[in-house]
Amino acid sequence: MPHIDYYFATISPYTYLAGMRLEEIAAKHGATITYKPVDIMQQFARTGGQAPKDRHISRQEYRAQELPRQAKKLGMAFNLKPAHWPTNMAPSSYALIAAQNAGGGDLGALTHAFTRAVWAEEKNIAEDDVIRECLAAAGFDPALAESGLLEGAETYAQNLEDAVNAGAFGAPFYAVDDGARFWGQDRLEDLDLHLAGKL
């Protein structure tokens, strides 16, 4: 049974655009997933990347075209300049880590709820009420928003180390336990083909 370490950021627009396709692919191939939210700004700093605001203007302009284009292609609502971006991604990441430890809900739905809140719903995922709402919608106890903060912080820090060690330099990033790596929501088809033994 293949296993996928899923590195992502709860404020990443490309993680939002991935939707629930990873979960569909994993179910199709009997693969398991470990959800590993990371501080993407630290990940960029550790792996040679830059925050969007620090990139060359040509890269910023391309991003401004590419994100709405991909959203339209996928039929997803998208706001290029959301009201609450960037925001502190740690609280939502801690909640996701606590939810993964607690079980009982849908982690894919929770991940998508956080990113959708940023990029389509004009919500601030650093706020407890928003985090609780996302937890409940994905079938988790909303109280996880306040519990396990210390453990969440430790795991969150370790996820960054794991990402760097796995060669993950952006989000979403999919690391299969056979060593194959896939970067970006636009590489999910390749991940699917790889798990089918075709790539």
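No lab work stands behind these numbers, since they all come straight from the coordinates. Keep in mind it's a predicted model, so treat the numbers as computed, not measured. Every residue, glycine among them, receives a Cβ derived from its backbone with ideal geometry; neighbour counts consider all protein chains shown.
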### Query
Can you count the Lys pairs in the chain with C-alpha separation below 19 Å, eight or more apart or on different chains?
5
### Message
Starting from the 7 Å offset along Cα-to-Cβ, what nm value, one decimal, do you get for the label separation of TYR62 and ALA180?
### Response
2.6
### Query
Is it possible to state the helix-based mean residue ellipticity at 222 nm for the chain, with each DSSP H run of 4+ residues giving -39500 (n - 2.57), the sum divided by total residues, to the nearest 500 deg cm²/dmol? What is it?
-16000 deg cm²/dmol
### Message
Quick check: residue separation of ARG55 and LYS72 times 0.36 nm, minus the Cα distance between them. What number comes out in nm?
### Response
3.7 nm
### Message
Through the Karplus equation 6.51 cos²θ - 1.76 cosθ + 1.60, θ set to phi - 60°, convert the phi angles of the stretch 46-61 into ³J(HN,Hα) values in whole Hz; use x for Gly and Pro.
### Response
7, 10, x, x, 9, 4, x, 5, 9, 7, 4, 4, 5, 6, 5, 5
### Task
Arrange the peptides 189-195, 149-155, 74-80 so that the one whose residues have, on average, the most other Cβ atoms within 10 Å appears first.
189-195, 149-155, 74-80
## Note on the structure
For 163-174, 121-132, ranked highest to lowest by mean beta-carbon neighbours within 10 Å, the order is 163-174, 121-132
### Query
Taking amide hydrogens as modeled 1.01 Å from N in the peptide plane, which residues meet the under 5 Å criterion relative to THR10, leaving out close sequence neighbours?
VAL38
### Summary
Taking R0 as 22 Å and r as the Cβ-Cβ distance between ALA45 and ASN88, the FRET efficiency 1/(1 + (r/R0)^6), rounded to the nearest 0.05, comes to 0.85
